[in-house]
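Asker: Please see the structure below; I have some questions.
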Amino acid sequence: MKNVLKRNIRILLIVFCVMFTGLTVYLGYMVGVYGERWFVTPYNPRLNRMQANVQPGDILDRTGKQLYYSSGGKRTYMSGSGQRRAAAHILGDSDGMTYGAQTMFAKYLYGYDQGSVTRIVDLVSGNPRKGSDVMLTIDARLCETAYKALDGNRGAVVVMNYKTGEILASTSSPSFDPLRMEEFLEGGGESELVNRAFSGLYPPGSTFKIVSASALIHNGMADYKATCTGSTQIGGKTITCTGKHGDLDLKGALAQSCNVYFAQAATELGIDAIEREAAKFLFNTELLFDDVIMGQSVFNTALNDADNAWAAIGQHQDLVTPLHACMIAASIANNGVMMEPKLLYSVSGRNMLAPRAAAAVAADTQALKDMMIQAVKDGTGSAAAIKGVTVGGKTGTAEIEDKDGRAAHAWFIGFIDDDEHLLAIAVVMERAGSGGKHAAPAARRVLRKAIELGY
Ligand SMILES: [Zn+2]
């Protein structure tokens, strides 16, 4: 009896030790993975205490323009409500209601990154503590152009350098004026606080055909041909097209954005291959980037061929954030390497840019690049063409149905194929209709401004 009891106690002890070790490892893992984010939440009381005793550093754009800074002992935003609104979500607000730079980079702004020697010197000398200045990768002027290009529509624009991942512009509409936050909050708007560029999940529509085209190329179906008569039957249901495109190869199908071609090709290929390709492009993946918090894009398969065909042409339950859509276009321009998005340029003059690949989507994207260039030269994206440079892109007209009825989001994602202008862009305009008609010209306007500014 005694021995049984002893044995039970021993077993219990072992079980307890294993559980305790497991918990410790788990906690360590969670702190390692999420620690930075826990630190910057507005609910961190330590951060709040620090903020009371430190004069925070300034936030600058990449040209050195002060966006949010201290002047005469007071914190203030840049003048010019246009740029303030355009960059509002990137800057964030001082109450931490939006996850902007003020929240994401709090550890620098409040000097938490400074060495203990500096802190002790300040403490002993009685100098007021001053945080580090944070320079962002954005250009406020380009953000303003991007905001204007949305032309009053809800939506978002993101512009990136596709070799380094630097976000040159990001804007989200509707926006708010961070200088008049109190007024705004009294008005009771909430939708304005959402950064659609990073967190907005939209059906990608035909921009997703880039992923499907990539799947066809990498699974031996680059030479697939189909004939579009305006619609096709898949799994007993009708898939409609926007036109009657006739005989098409892959290049023609992408340039004309033919639903029939992609529905038939995807059905023949099988949805599993498309799903694998979507995963390579980082759909269904939790992404923990250093500088930005991005919503998770979604690709779901279905049990029937018709829904799967729609999934392959960017409908069904597909969802993508504008930032991710920009990264997809960027990865095609950057020979299959998708770069991690960067928002932090430097901290008190120290270069913080460490370009890092987020994914290798393909060994070679030349064929896809050529197809996207064709789509702008002689296809649905022609309104994005810019004289003097080679633009590649893909339009999307993503159909939605919600409480306000049926409508379509206008999309354009693309790039400039030029070593002098390493630019990728994503534009989405909610309920604006045709991507080729509305989003492509908006992208053109923003890219032209970026070139004019020397990017
Ligand atoms: Zn067609």
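The values are calculated or read from the model by the stated rules, or taken from the named source; none is laboratory data. None of these values were measured; they are calculated from a predicted model. Cβ placement follows ideal geometry from the backbone for every residue including glycine, while neighbour counts extend to all protein chains displayed.
Asker: Between Gly126, Gly152, which is surrounded by fewer than 24 Cβ atoms within 10 Å (Cβ to Cβ), over 20 Å from the mean Cα position of the chain (by Cα) and modelled with pLDDT of 95 or more?
Answerer: Of Gly126, Gly152, the one residue that is surrounded by fewer than 24 Cβ atoms within 10 Å (Cβ to Cβ), over 20 Å from the mean Cα position of the chain (by Cα) and modelled with pLDDT of 95 or more is Gly152.
Asker: For segment 69-126, enumerate the residues that are in a helix (DSSP H, G or I), free of Cβ contacts under 8 Å to residues at least 24 places away in the same chain and of a type in the set (D, E, K, R).
Answerer: Arg119, Asp122
Asker: Can you name every residue in segment 283-302 that is surrounded by fewer than 22 Cβ atoms within 10 Å (Cβ to Cβ) and either at positive phi or aromatic (Phe, Trp, Tyr) (or both)?
Answerer: Hits for segment 283-302 are Asn284, Phe289.
Asker: Only one of Gln296, Gln264 is touching an Asp or Glu at 6+ places or on another chain (Cβ under 9 Å) and within 24 Å of Ala408 (Cα to Cα); which?
Answerer: The conditions single out Gln296.
Asker: With Ala375, Ala358 as the choices, which residue is assigned to a helix (DSSP H, G or I) and more than 20 Å from Ala311 (Cβ to Cβ)?
Answerer: Ala375 is the lone residue from the list that is assigned to a helix (DSSP H, G or I) and more than 20 Å from Ala311 (Cβ to Cβ).
Asker: To continue, here is another question. What are the pairs with Cβ atoms under 8 angstrom where one residue, in segment 16-43, is among the aromatic types (Phe, Trp, Tyr) and the other, located anywhere, is surrounded by 10 or more Cβ atoms within 10 Å (Cβ to Cβ) and modelled with pLDDT under 75? Sequence gap at least six, or different chains.
Answerer: These pairs meet every condition: Trp38/Val31; Trp38/Asn44; Phe39/Leu47.
Asker: Only residues that are within 27 Å of the chain's Cα centre (by Cα) and among the small types (Gly, Ala, Ser): list them for segment 72-118, please.
Answerer: Gly80, Ser81, Gly82, Ala86, Ala87, Ala88, Gly92, Ser94, Gly96, Gly100, Ala101, Ala106 - these are the residues of segment 72-118 that are within 27 Å of the chain's Cα centre (by Cα) and among the small types (Gly, Ala, Ser).
Asker: Can you pull out the residues in segment 297-327 that are under 18 Å from the mean Cα position of the chain (by Cα), of a type in the set (Gly, Ala, Ser) and not in a helix (DSSP H, G or I)?
Answerer: Correct list: Ser297, Gly314.
Asker: Moving on. Of the residues in segment 235-258, how many are more than 9 Å from the ligand (Cβ to nearest atom), surrounded by 20 or more Cβ atoms within 10 Å (Cβ to Cβ) and over 18 Å from Thr397 (Cβ atoms)?
Answerer: Within segment 235-258, residues that are more than 9 Å from the ligand (Cβ to nearest atom), surrounded by 20 or more Cβ atoms within 10 Å (Cβ to Cβ) and over 18 Å from Thr397 (Cβ atoms) number 2.
Asker: Moving on. Looking at Thr63, Thr98, Thr118, which one is under 30 Å from Lys449 (Cβ atoms) and modelled with pLDDT under 90?
Answerer: Among Thr63, Thr98, Thr118, only Thr98 is under 30 Å from Lys449 (Cβ atoms) and modelled with pLDDT under 90.
Asker: Taking only segment 319-343 into account, find how many residues are surrounded by 23 or more Cβ atoms within 10 Å (Cβ to Cβ) and either touching a Gly at 6+ places or on another chain (Cβ under 7 Å) or closer than 17 Å to Val427 by Cα (or both).
Answerer: Of the residues in that region, 16 qualify.
Asker: Here is a list of conditions, (1) surrounded by fewer than 16 Cβ atoms within 10 Å (Cβ to Cβ); (2) assigned to a helix (DSSP H, G or I), and Ala266 meets all of them except one; can you say which number that is?
Answerer: Going through (1) surrounded by fewer than 16 Cβ atoms within 10 Å (Cβ to Cβ); (2) assigned to a helix (DSSP H, G or I) one by one, Ala266 breaks only (1).
Asker: State all residues of segment 260-311 that are β-branched (Val, Ile, Thr) and either touching a residue at least 40 places away in the same chain (Cβ under 8 Å) or more than 16 Å from the ligand (Cβ to nearest atom) (or both); if no residue qualifies, say none.
Answerer: Step one: list which residues in segment 260-311 are β-branched (Val, Ile, Thr), which gives 260, 267, 271, 274, 285, 292-293, 298, 301.
Matches in segment 260-311: Thr267, Ile271, Ile274, Thr285, Val292, Ile293, Val298, Thr301.
Asker: It is to be established whether one or more residues within segment 223-232 are charged (D, E, K, R), at pLDDT 95 or above, away from the ligand (no atom under 16 Å from the Cβ) and surrounded by 21 or more Cβ atoms within 10 Å (Cβ to Cβ). Walk me through it before giving the result.
Answerer: In the first step, residues of segment 223-232 are kept if they are charged (D, E, K, R); the result is 223, 225.
Then keep just the ones that are at pLDDT 95 or above; that gives 223, 225.
Those left that are additionally away from the ligand (no atom under 16 Å from the Cβ): 223.
Narrowing further to those that are surrounded by 21 or more Cβ atoms within 10 Å (Cβ to Cβ): none.
Scanning segment 223-232, I find no residue that is charged (D, E, K, R), at pLDDT 95 or above, away from the ligand (no atom under 16 Å from the Cβ) and surrounded by 21 or more Cβ atoms within 10 Å (Cβ to Cβ), so the answer is no.
Asker: Yes or no: segment 233-244 includes at least one residue that is among the small types (Gly, Ala, Ser) and under 30 Å from Lys369 (Cα atoms).
Answerer: Just the residues of segment 233-244 that are among the small types (Gly, Ala, Ser), to begin with: 235-236, 243.
This time we only want the ones that are under 30 Å from Lys369 (Cα atoms), so: 243.
Checking segment 233-244: at least one residue is among the small types (Gly, Ala, Ser) and under 30 Å from Lys369 (Cα atoms).
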